[in-house]
Amino acid sequence: MSRHDPFQTPADAVDPDERPSKTQRKKASHELQDLGRALIDLPDSRVKDRRSPTTCAMR
């Protein structure tokens, strides 16, 4: 079973010379994971009044 790669686009949609390399995609993925960890580690007082765009759109 193959895993879905969120950075992967259909081969015919992007010129192979213009799409990011596997190394670049992996680096971006790790940076996003680090950001997620940093957000999770924030104290409640820092995120209490913050709403995600999804939450704001639902209200």
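The values are calculated or read from the model by the stated rules, or taken from the named source; none is laboratory data. Because the structure is predicted, anything quoted here is derived from the model rather than measured. Reconstructed Cβ throughout: ideal geometry from the backbone, glycine too, with neighbour counts over all protein chains shown.
Does R3 meet the test of being surrounded by fewer than 10 Cβ atoms within 10 Å (Cβ to Cβ), part of a loop (DSSP other than H, G, I, E, B) and modelled with pLDDT under 90? Yes.
Of the residues making up the range 30-48, those that are exposed (fewer than 10 other Cβ atoms within 10 Å of the Cβ) and over 19 Å from the mean Cα position of the chain (by Cα) are P43, D44, S45, K48.
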